[in-house]
1. Within the range 94-119, which residues are open to solvent by 60 Å² or more (accessible area, probe 1.4 Å), under 23 Å from R184 (Cα atoms) and part of a helix (DSSP H, G or I)?
2. For the range 66-93, enumerate the residues that are in a helix (DSSP H, G or I) and exposed (fewer than 13 other Cβ atoms within 10 Å of the Cβ).
3. Give the residue, chosen from A37, A119, A125, A84, that is touching a Lys or Arg at 6+ places or on another chain (Cβ under 9 Å), of a type in the set (G, A, S) and over 23 Å from R181 (Cβ atoms).
4. Which of the residues spanning the range 172-191 are open to solvent by 90 Å² or more (accessible area, probe 1.4 Å) and among the acidic types (D, E)?
5. Could you give every pair whose Cβ atoms fall below 7 Å, whose first residue belongs to the range 71-93 and is farther than 20 Å from Q128 by Cα and hydrophobic (A, V, I, L, M, F, W, C), and whose second residue is open to solvent by 50 Å² or more (accessible area, probe 1.4 Å) and at pLDDT 70 or above, counting only separations of at least 6 or pairs across chains?
6. Which residues, taken from the range 128-168, are within 26 Å of the chain's Cα centre (by Cα) and part of a loop (DSSP other than H, G, I, E, B)?
7. Among (1) farther than 23 Å from V189 by Cα; (2) among the aliphatic types (A, V, I, L, M); (3) open to solvent by 50 Å² or more (accessible area, probe 1.4 Å), which single condition is L130 missing?
8. Within the range 158-165, identify whether any single residue is modelled with pLDDT of 80 or more and aromatic (F, W, Y), and answer yes or no.
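The values are calculated or read from the model by the stated rules, or taken from the named source; none is laboratory data. Not measured: the values here are computed from a predicted model. Backbone-built Cβ (ideal geometry, glycine too); neighbour counts: all protein chains shown. Just so you know, the surface numbers come from the protein's heavy atoms only, side chains and all, with ligands and any DNA or RNA stripped out. Shrake-Rupley method; radii C 1.70, N 1.55, O 1.52, S 1.80 Å.
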Amino acid sequence: MPKNKSRGLDQRQWLDNTLLLLTLIIGMGGSWLLYRAIVHSEKIQRQEQLYVMGQSVLGQLDLNLSRRLEAIRGASMMIGSQLAMERTEFNRYARSVVDNAHNFVFIEWQPRILHSELATFEGNAGAQGLPGFRVLEPEGKAWRPVGTRDEYFPILYAWPEHSRILGLDGALDESTMRAKRKARDTGGVASSESFT
């Protein structure tokens, strides 16, 4: 073979190999870029799905919280409009709220009683079907009549009654008292810390 022909074949082969190598590099680079774009797209899609699911959970939480607040406001307005609520009226109303409002376990009524009103309050509670009613505080694992303080917040009524200790003075639990004072002072709904 003449030298020019051989040289032409070598150049052609080199050009073919270079073109093949260039095609492989471009193909691999394009494939890698396409792979990264797909991974990025899937990541964005997963984030969007998580966001939508999170919004759904937040929406449900907001709805449940709104229902609770409305039930609490309704109970507060109903009880606040009564000069003196009878135990049977409270039980009927509270039972309806617990049965129909989501996530309510119990409802208590804890009126504020001044020390000077304590004996009268205990007598009135006894006359409403709670014989021997006393405002109590814990003493070890037992209960004893409360000591002398300016004010008391005893559980007068509760639904269901068996779930609460009637007469227990709620003023002893400082974490819930902060919320009660805030609700009293603002006239709004206040939540307390979680408690067992």
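1. H115, S116, E117
2. Kept after step one, since they are in a helix (DSSP H, G or I), are these residues of the range 66-93: 66-80, 87-93.
Once the filter is applied, which keeps residues that are in a helix (DSSP H, G or I) and exposed (fewer than 13 other Cβ atoms within 10 Å of the Cβ), the range 66-93 yields S66, E70, R73, M77, G80, T88, R92.
3. Values: A37 fails: touching a Lys or Arg at 6+ places or on another chain (Cβ under 9 Å); A119 fails: touching a Lys or Arg at 6+ places or on another chain (Cβ under 9 Å); A84 fails: touching a Lys or Arg at 6+ places or on another chain (Cβ under 9 Å).
One residue alone meets the criteria, A125.
4. Narrowing the range 172-191 to residues open to solvent by 90 Å² or more (accessible area, probe 1.4 Å): 178, 182, 184-186, 191.
Answer for the range 172-191, where residues must be open to solvent by 90 Å² or more (accessible area, probe 1.4 Å) and among the acidic types (D, E): just D185.
5. Qualifying pairs under 7 Å: I72/V189.
6. Answer for the range 128-168, where residues must be within 26 Å of the chain's Cα centre (by Cα) and part of a loop (DSSP other than H, G, I, E, B): F153, I155, P160, R164, I165.
7. In the conditions (1) farther than 23 Å from V189 by Cα; (2) among the aliphatic types (A, V, I, L, M); (3) open to solvent by 50 Å² or more (accessible area, probe 1.4 Å), L130 misses (3) alone.
8. Within the range 158-165 (the criterion being modelled with pLDDT of 80 or more and aromatic (F, W, Y)), the answer is yes, since at least one residue qualifies.
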